[in-house]
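As structure tokens, the structure follows; a few thoughts come after it.
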Amino acid sequence: MIYILLWHTRLGFQIRAVGQNRDAAKYAGFSEKKIFVIVFMICGALAGLAGFMQVNGINHMVIQGFEPNIGATGIGVAILGNANPFGIVLAALLFSTMEVGGLMLTQTSTLPSSIIGITQGLVVIFVVISYFINHKFKVFRAKKKLMKGDED
């Protein structure tokens, strides 16, 4: 649903334009404030839907202190998914598999429960490092190509 909204509608194009380059979007005539309000409304509706499903589907009540680190996990999933709806689904599956597997591992061995967060953090760090390395190589290749073009 989000993929279709972001990649196959005019609103999705506007959202991506404002997210990637505010000045260009403003120059194209997109209302930055209007897009922000729409995006926050969509995000709030999705968060409310997730909370509704959690309360009505699993616990049938609100639990105080529910998942205090869920925001950090969400950021890690977004980074790993490269802000792509399909990538985020795959990253969420990876993180949930690591979470469940880590819990089972801590129950059946003497490993501490913090090993789960450490592993997830290392995955995010390595993804970010690989992004920066790839970016540096692209810049280096572009400079090299420009230098070759100047010599010809």
**OP:** Mind telling me which of the residues A92, A83 ends up being within 30 Å of F126 (Cβ to Cβ) and in a loop (DSSP other than H, G, I, E, B)?
**Re:** A83
Original post:
Which numbered condition trips up G51, out of (1) in the same structural domain as I15 (by TED's automatic domain parsing); (2) more than 21 Å from M1 (Cα to Cα)?
Top reply: (2)
Subject >> Residue among S113, S109 that alone is in contact with a helix residue (DSSP H, G or I) (Cβ under 6 Å, 6 or more places away or on another chain) and farther than 24 Å from Y3 by Cβ >> reply: S113
Original post:
Which of the residues belonging to the range 102-152 are over 30 Å from T73 (Cα atoms), among the small types (G, A, S) and surrounded by 10 or more Cβ atoms within 10 Å (Cβ to Cβ)?
Top reply: A142
**OP:** Inspect the range 60-74 for any residue being assigned by TED's automatic domain parsing to the domain that holds V123, surrounded by 10 or more Cβ atoms within 10 Å (Cβ to Cβ), in contact (Cβ under 8 Å) with a residue 12 or more places away in the chain and part of a helix (DSSP H, G or I) and give the result as yes or no.
**Re:** yes
Original post:
Any residue in the range 108-115 that is in the same structural domain as G81 (by TED's automatic domain parsing), assigned to a helix (DSSP H, G or I), among the aliphatic types (A, V, I, L, M) and closer than 19 Å to N69 by Cα?
Top reply: yes
Original post:
Can we say F86 is without any contact (Cβ under 8 Å) to a residue 12 or more places away in the chain, among the hydrophobic types (A, V, I, L, M, F, W, C) and within 30 Å of L6 (Cα to Cα)?
Top reply: no
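The values are calculated or read from the model by the stated rules, or taken from the named source; none is laboratory data. Treat the numbers as computed from the prediction; the structure is a model and nothing was measured. A quick note on method: Cβ atoms are made from the backbone with ideal geometry, for glycine too, and the neighbour counts reach across all protein chains shown.
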